[in-house]
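Undergrad: I have a structure here, written as structure tokens, and I will follow up with some questions on it.
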Amino acid sequence: MIEIKNISKSFGKNNILKGIDLSINKGEVVVILGPSGSGKSTFLRCLNFLERADAGEISIDQTKVEFNKAKSKEILALRRKTAMVFQQYDLFHHKSAIENIVEGLIIARKIPKHKAYEIGMDLLDKVGLKEKRDAYPHQLSGGQQQRIGIARALALTPEVILFDEPTSALDPELVGETLDVIKKVAQTGVTMIIVTHEMSFAYEIADRVIFMEDGVVVEEGTPKEVFEQTREERTKQFLARFAYAR
Amino acid sequence: MDFDFAFMFEAFLAALHYLPTTLLLGFLPLVFGSIIGLGIALIRHYKIPILSVLFKWFVTIFKAIPVVLILLVSYLVFSDSVDKIADSLSWSIRFSDLDRRWIAIFALTLYATSGLSEIFRGALASIPKGQIDAAYSIGLTNIQVLRRVMIPQVIPLALPLLNNTLISLIKASSLVSMVSVVDILNGALIEANVNYRYLEAYIAVSLIYWAVCAAIEAVTAGYGKYANKSRRRQFA
């Protein structure tokens with residue numbers, strides 16, 4: 001169970017997040033929609049302290065951390081309960097696929113090397129890239145890199161995986177394979193928060209959909225409620241642009 | 001004007017005798033300067049208060065001072081202060097006993113450090129920010145991010161440029177006769193002082209400088225093959 005309370009963040013005079021609350025059950029898949037600049041990515045990045053929020057708190061598994069007061073030890077502990085998949089994949093360029101996956105296990109989690117590589121190989125298999133074990137990121141397509149990115153996040157068996165527009169940088173042809181992997185992962189009961197613009201994917205995968213704009217949650221509900229029985233005018237406008245996608 | 005090839009060969013051998021000194025004056029400042037330069041680059045990269053401003057000025061100032069002046073000022077400072085400091089710490093060392101090569105190495109290190117710190121700073125800045133975020137996101141500490149993600153990518157980027165610095169250092173080391181160090185140039189000139197055949201001596205020394213720099217270039221080219229691979233890795 002993850003509880004996020006009143007998270008706020010400003011960049012200078014720009015108020016990006018205006019006090020957002022969210023609680024997520026174990027195994028739940030939450031999809032966050034919204035126009036660019038609405039604060040979705042900042043929200044995710046605040047959750048694992050890649051940005052430091054100005055106020056609010058998060059508790060994962062009874063460990064409570066206040067955003068503005070957290071010490072580096074608490075931040076590290078929190079980061080070790082979360083994992084992130086990035087828009088630009090952000091694999092380590094000087095490491096091979098398998099090395100990317102096991103890095104966090106060996107260095108952060110201090111798991112013995114052979115054990116880490118076993119876990120790594122399992123995950124490579126899971127994302128369908130077993131034969132790319134020793135390939136470097138520059139030898140992989142965007143879709144393959146992102147699947148390695150997902151495996152890197154999964155390796156840490158985090159309480160929650162944060163997906164920051166995982167398919168936005170991909171060629172349209174490669175989006176499918178990546179989404180398939182995410183769906184497969186979701187079925188295994190991993191808790192996820194996903195920021196995406198893939199509406200049909202959101203509809204299919206989400207347990208709960210959140211529509212955000214200007215740093216506040218505009219509408220929240222099951223995919224059916226948000227997509228088909230939309231209450232808020234602003235959400236309707238936003239979804240109308242994607243009507244063809246459904 | 002007749003050119004005395006026999007004497008040129010003599011001067012060549014005399015100069016060759018001091019090749020280790022010249023190499024030392026190239027390599028040691030490169031090593032010391034790289035260590036200090038990487039430190040300065042990191043301090044400036046992380047914008048550590050006070051220190052980063054201090055080193056910014058250090059770099060700006062030393063970039064603009066000719067190496068001759070750094071050598072001469074170092075010599076004066078050393079000659080003035082070594083005995084005093086040794087006295088106050090009751091060490092038995094005297095300035096007159098101090099190997100002048102250390103003064104030259106000190107000065108050349110100062111000369112190289114500012115440039116090297118800029119090389120490392122550029123390399124640090126070229127590591128995509130996202131990779132560093134990713135490293136933090138998998139739970140690495142600051143030191144682990146530095147050691148596991150940043151440094152391994154900075155070194156291959158900086159290495160080709162370090163070769164350039166080494167060549168400049170080897171050439172700059174020809175000035176150390178000003179602080180009475182005998183390097184290959186000075187060694188050949190001592191030989192020429194006997195019969196005033198300076199042209200032969202200069203040409204003999206030029207050949208050695210050329211050979212040394214060509215050897216360094218060859219190493220660079222050999223490294224280039226490897227670097228190209230890892231650079232493709234960097235910017236694929």
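Undergrad: Would you be able to tell me the number of residues in segment B:131-143 that are in a helix (DSSP H, G or I) and buried (at least 17 other Cβ atoms within 10 Å of the Cβ)?
TA: 7
Residue-wise test of (1) crowded, with 16+ Cβ neighbours inside 10 Å; (2) touching a helix residue (DSSP H, G or I) at 6+ places or on another chain (Cβ under 7 Å); (3) not small (G, A, S).
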site: B:A64; (1), (2), (3): no, no, no
site: B:L69; (1), (2), (3): no, no, yes
site: B:S74; (1), (2), (3): yes, yes, no
site: B:L108; (1), (2), (3): yes, yes, yes
site: B:L116; (1), (2), (3): yes, yes, yes
site: B:G122; (1), (2), (3): no, no, no
site: B:R147; (1), (2), (3): no, no, yes
site: B:L157; (1), (2), (3): yes, yes, yes
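Undergrad: Does A:L22 qualify as being under 16 Å from the mean Cα position of the chain (by Cα) and of a type in the set (A, V, I, L, M)?
TA: yes
Undergrad: Going through segment A:75-100 one residue at a time, which ones are open to solvent by less than 30 Å² (accessible area, probe 1.4 Å), over 29 Å from A:E57 (Cβ atoms) and within 7 Å of another protein chain (Cβ to nearest Cβ)?
TA: Selection gives A:F92 alone.
Undergrad: Moving to a separate point now. May I ask you to list the residues in segment A:201-216 that are among the β-branched types (V, I, T), in a strand (DSSP E or B) and buried (at least 19 other Cβ atoms within 10 Å of the Cβ)?
TA: A:V209, A:I210
Undergrad: Hey, B:L207 hits all of (1) part of a helix (DSSP H, G or I); (2) within 25 Å of B:I103 (Cα to Cα) but one; which does it fall short on?
TA: All conditions pass for B:L207, except number (2).
Undergrad: Kindly check whether there is at least one residue in segment A:24-32 that is free of Cβ contacts under 8 Å to residues at least 12 places away in the same chain and within 23 Å of A:I161 (Cβ to Cβ).
TA: no
Undergrad: Is there any pair linking a residue in segment B:166-184 that is without any contact (Cβ under 8 Å) to a residue 24 or more places away in the chain to one that is part of a helix (DSSP H, G or I) and of a type outside the set (K, R), with Cβ under 6 Å and at least six apart or on different chains, and which?
TA: Partner pairs satisfying both residue conditions: B:S177/B:N186.
Undergrad: To continue, here is another question. For segment A:132-147, give me each residue that is open to solvent by less than 50 Å² (accessible area, probe 1.4 Å) and either part of a helix (DSSP H, G or I) or among the β-branched types (V, I, T) (or both).
TA: Passing the criteria: A:P137, A:G142, A:G143, A:Q144, A:Q145, A:Q146, A:R147.
Undergrad: Can you go through B:H45, B:H17 and tell me which one is more than 30 Å from B:A215 (Cβ to Cβ) and not polar (S, T, N, Q)?
TA: Selected residue: B:H45, the only one of B:H45, B:H17 that is more than 30 Å from B:A215 (Cβ to Cβ) and not polar (S, T, N, Q).
Undergrad: What pairs come out if I take residues in segment B:19-42 that are more than 20 Å from B:V154 (Cβ to Cβ) and pair them with residues that are basic (K, R) and in a helix (DSSP H, G or I) whose C-beta lies under 8 Å away, six or more apart or interchain?
TA: B:T21/B:R101; B:L24/B:R101; B:L25/B:R101
Undergrad: When both residues are 6+ apart or on different chains and their Cβ atoms are under 9 Å apart, which pairs have a first residue that lies in segment B:43-54 and is open to solvent by less than 60 Å² (accessible area, probe 1.4 Å), and a second that is at pLDDT below 95 and of a type in the set (F, W, Y)?
TA: Every condition considered, the pairs that remain are B:S52/B:Y46.
Undergrad: Need a quick list: strands (runs of 3 or more DSSP E) entirely within segment A:43-122 having at least 3 residues that are more than 26 Å from A:L170 (Cα to Cα).
TA: Details: elements: A:55-60, A:63-66, A:82-85.
Those strands (runs of 3 or more DSSP E) span A:55-60, A:63-66.
Undergrad: Another one. Let me spell it out: the conditions are (1) open to solvent by 20 Å² or more (accessible area, probe 1.4 Å); (2) more than 9 Å from chain B (Cβ to nearest Cβ); (3) touching a Lys or Arg at 6+ places or on another chain (Cβ under 8 Å), and A:L129 meets all of them except one. Which number is the exception?
TA: Among (1) open to solvent by 20 Å² or more (accessible area, probe 1.4 Å); (2) more than 9 Å from chain B (Cβ to nearest Cβ); (3) touching a Lys or Arg at 6+ places or on another chain (Cβ under 8 Å), the lone unmet condition for A:L129 is (1).
Undergrad: Right, something else. Of these, A:I119, A:I150, which one is open to solvent by 40 Å² or more (accessible area, probe 1.4 Å), in contact with a helix residue (DSSP H, G or I) (Cβ under 7 Å, 6 or more places away or on another chain) and more than 10 Å from chain B (Cβ to nearest Cβ)?
TA: A:I119
Undergrad: Which residues, counting only those in segment A:43-64, are away from chain B (no Cβ under 13 Å) and surrounded by fewer than 18 Cβ atoms within 10 Å (Cβ to Cβ)?
TA: Listed by number, the residues that qualify are A:D54, A:A55, A:E57, A:S59, A:D61, A:Q62, A:T63, A:K64.
Undergrad: Restricting attention to segment A:173-192, report how many residues are open to solvent by 60 Å² or more (accessible area, probe 1.4 Å) and either more than 16 Å from A:Q145 (Cβ to Cβ) or in contact with a strand residue (DSSP E or B) (Cβ under 9 Å, 6 or more places away or on another chain) (or both). Quick ask: steps written out before the conclusion?
TA: Of all residues in segment A:173-192, those open to solvent by 60 Å² or more (accessible area, probe 1.4 Å) come to A:173, A:180, A:184, A:187-188.
Now restrict to residues that are either more than 16 Å from A:Q145 (Cβ to Cβ) or in contact with a strand residue (DSSP E or B) (Cβ under 9 Å, 6 or more places away or on another chain) (or both): A:184, A:187-188.
Adding up the residues that qualify gives 3.
Undergrad: Got a sec? Which of B:A135, B:A236 is modelled with pLDDT of 95 or more and within 14 Å of another protein chain (Cβ to nearest Cβ)?
TA: B:A135
The values are calculated or read from the model by the stated rules, or taken from the named source; none is laboratory data. These numbers were taken from a predicted model, which means no experiment stands behind them. Heads up, the Cβs are rebuilt from the backbone with ideal geometry, glycines too, and the neighbour counts pull from every protein chain shown. For the accessible areas, the whole protein counts, side chains as well, though only heavy atoms, and no ligand, DNA or RNA atoms are used. Shrake-Rupley method; radii C 1.70, N 1.55, O 1.52, S 1.80 Å.
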